[in-house]
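The values are calculated or read from the model by the stated rules, or taken from the named source; none is laboratory data. Everything numeric here is computed off the predicted structure, so don't read it as measured data. So basically every Cβ, Gly included, is an ideal-geometry build from the backbone, and we count neighbours across all protein chains shown.
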Amino acid sequence: MKKTLTIVAIAASAMLMLAGCSGGADTTATPKAVPTFAAGSTMEKLAKAGKITIGTKFDQPLFGLKGPDGPVGFDVEMGKMIAASLGIKAENIQWKETISANREPFIQSGEVDLVIATYTINDLRKKAVSFAGPYYSAGQSILVKADNKKIKSEKDLVGKPVCSVTGSTPAARLAEIGAKPLLTDIYSNCLEPLRSGAAVAVSTDNVILAGLAAQNEGEFKVVGKPFTEEPYGIGLKLDDKGFRSYVNSVLTKSYKDGSYKKAWEDTAGKMLPYVAPPAVDNY
């Protein structure tokens, strides 16, 4: 992940491949029958309904990007994998656009069954929702204009306006290190302040920044080493231990049977190297 810039040169063609897929990569077999689950469980409810609502980002290249027939990316493929394990076909997934600020409210209100949206697990969020995973480990980094030679690490952000997203862990970290967070709702909206000079940088997870740089080849660059650890989890209702354990079992199985790796290679792996996933945490 530390060498994201090496893949920017192939970004344009890869992004077209991702966005052009009508339903994302075909990483899971079509479910053949409705599986049986414990009475009253979330799994039984979803399997009987034959549909599921999943919140994901629509503006995150490589992970969740809106395409002509719905979102595409690695997070989307994770959602399809879980749905298929419940006997739910990909066409019966309702994708709900989810931004950093509304992930917990969407889960708590029942507006979504799951959130898979570059969603960092942390202790504060665990008080509001539960997490399966982690299924990926990212790290906060810095995006600047391609000709910027002054900003090389997070130390160079102190006292300067840096764009990030409301409700995100990167925004909180910027405040902690003494930067001046310039907040918006989605990361793609940080690019214009960066272009105009209203912000000297954009800061969030390195994989997100790599995608933004890839979409705007030659205009921006990722600098410095990641200065945090961001374990991505799958958000679900607080205290639904049965569903969390089930999703963890699906993830663990995908690590072993190769479906996780295939999902990565068909999406984010077009531009980022494969890294073995972290072990799930059945807390």
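Quick notes on this structure:
- For the range 91-101, filtering for residues that are outside any strand (DSSP E or B) and crowded, with 20+ Cβ neighbours inside 10 Å leaves 3.
- Residue within the range 14-34 that is closer than 20 Å to THR252 by Cα and at pLDDT 90 or above present: no
- Residue within the range 137-145 that is free of Cβ contacts under 8 Å to residues at least 60 places away in the same chain and outside the structural domain of PRO71 (by TED's automatic domain parsing) present: no
- Considering (1) without any contact (Cβ under 8 Å) to a residue 12 or more places away in the chain; (2) of a type outside the set (Asp, Glu); (3) buried (at least 17 other Cβ atoms within 10 Å of the Cβ), the lone condition that THR204 does not fulfil carries the number (1).
- GLU104 meets the conditions (1) farther than 22 Å from GLY67 by Cα; (2) outside any helix (DSSP H, G or I) in every case but one. The failed one is (2).
- Entirely in the range 185-283, the strands (runs of 3 or more DSSP E) that have 2 or more residues that are over 19 Å from GLN140 (Cβ atoms): 230-237
- Residue in the range 238-282 that is surrounded by the most Cβ atoms within 10 Å (Cβ to Cβ), counting only those that are among the hydroxyl-bearing types (Ser, Thr, Tyr) and without any contact (Cβ under 8 Å) to a residue 24 or more places away in the chain: TYR255
- Residue in the range 167-181 that is assigned by TED's automatic domain parsing to the domain that holds SER85, at pLDDT 95 or above and of a type in the set (D, E, K, R) present: no
- Residue selection: LYS127 satisfies the criterion of being among the charged types (D, E, K, R), in the same structural domain as LYS237 (by TED's automatic domain parsing) and either touching a helix residue (DSSP H, G or I) at 6+ places or on another chain (Cβ under 9 Å) or over 30 Å from LYS256 (Cβ atoms) (or both).
- Test: SER141 is closer than 28 Å to TRP264 by Cβ, part of a helix (DSSP H, G or I) and under 17 Å from the mean Cα position of the chain (by Cα): no
- Of all residues in the range 256-265, those satisfying the criterion of being under 15 Å from the mean Cα position of the chain (by Cα) and within 24 Å of LEU212 (Cβ to Cβ) are ALA263, TRP264.
- Restricting the first member to the range 208-227 and to residues that are at positive phi, and the second to residues that are buried (at least 20 other Cβ atoms within 10 Å of the Cβ) and at pLDDT 90 or above, the beta-carbon pairs closer than 7 Å and six or more apart or on different chains are GLY224/SER141; GLY224/ILE142; GLY224/GLU154.
- Index of the failed condition, LEU86 passing every other in (1) within 19 Å of the chain's Cα centre (by Cα); (2) surrounded by 24 or more Cβ atoms within 10 Å (Cβ to Cβ): (1)
- Boolean, ASP156 is among the charged types (D, E, K, R), surrounded by 14 or more Cβ atoms within 10 Å (Cβ to Cβ) and closer than 14 Å to THR118 by Cα: no
- Residues that are farther than 21 Å from ALA101 by Cα and of a type in the set (A, V, I, L, M) were ranked within the range 202-232; the one that is modelled with the lowest pLDDT is ALA214.
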